[in-house]
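The values are calculated or read from the model by the stated rules, or taken from the named source; none is laboratory data. This structure is a prediction, so every number in the text was calculated from the model and none was measured. Cβ placement follows ideal geometry from the backbone for every residue including glycine, while neighbour counts extend to all protein chains displayed.
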Amino acid sequence: MTAHPTKIAAVLLALGCGGSELSTDAGTTDAEPSNVSYRAVALATALDRIAILKADSDADICGLLRLASPAGASTFGITTPTGWAVDLAGISQGSDECASSFPVAEEQSDSGTGDVAFAVPAGMLFPSTLTTRATLIFETSSAPAWVPETLEFVATDLALEGI
């Protein structure tokens, strides 16, 4: 079952998400099936934060890769721009969780590989777009059955919402 983009936008408006919609049109995804969409959202918190969200409607999951700045050196394993680090990574059951402005991660990842790349223009707090080729790694021995061993984030020129 595929959701119509107009219906998705209506649901997001009802949730108070300001008309942002889940879409791969905001950037490109390489070799991702059509049931997968990405969002990147600037979060207004005590630290500058960016949430990168991956909704997979077939698996009914929402992946979260959240960065924070300012940050010291990260030991997570995903390379980020200077001054930024992964401060939360995980997955939730229910792809609709990715429509939330402040998503949660029911199951957290302790490590990952790959990178997130972007440049913050002078005088700005956030980039306008980002690119990621990162993989979250999950300890599945005690996790619920819906948690995969790995979750890939592959998006190019993904537009940042909320800036």
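Brief remarks follow.
- Qualifying residue in the stretch 62-78 (condition: exposed (fewer than 15 other Cβ atoms within 10 Å of the Cβ) and of a type in the set (S, T, N, Q)): yes
- Sole exception among (1) within 15 Å of the chain's Cα centre (by Cα); (2) surrounded by 15 or more Cβ atoms within 10 Å (Cβ to Cβ); (3) touching a residue at least 24 places away in the same chain (Cβ under 8 Å) for Val104, by number: (2)
- Among strands (runs of 3 or more DSSP E) entirely within the stretch 67-163, having at least 2 residues that are among the acidic types (Asp, Glu) singles out 150-161.
- Residue that is modelled with the highest pLDDT, among those in the stretch 24-66 that are in a loop (DSSP other than H, G, I, E, B) and under 16 Å from Ala134 (Cβ atoms): Glu32
- Count of residues meeting criterion [surrounded by 17 or more Cβ atoms within 10 Å (Cβ to Cβ) and either under 16 Å from Ala89 (Cα atoms) or in contact with a His (Cβ under 8 Å, 6 or more places away or on another chain) (or both)] in the stretch 115-132: 2
- For Cys98, the conditions (1) in contact (Cβ under 8 Å) with a residue 24 or more places away in the chain; (2) closer than 21 Å to Leu47 by Cβ; (3) buried (at least 16 other Cβ atoms within 10 Å of the Cβ) are fulfilled apart from (2).
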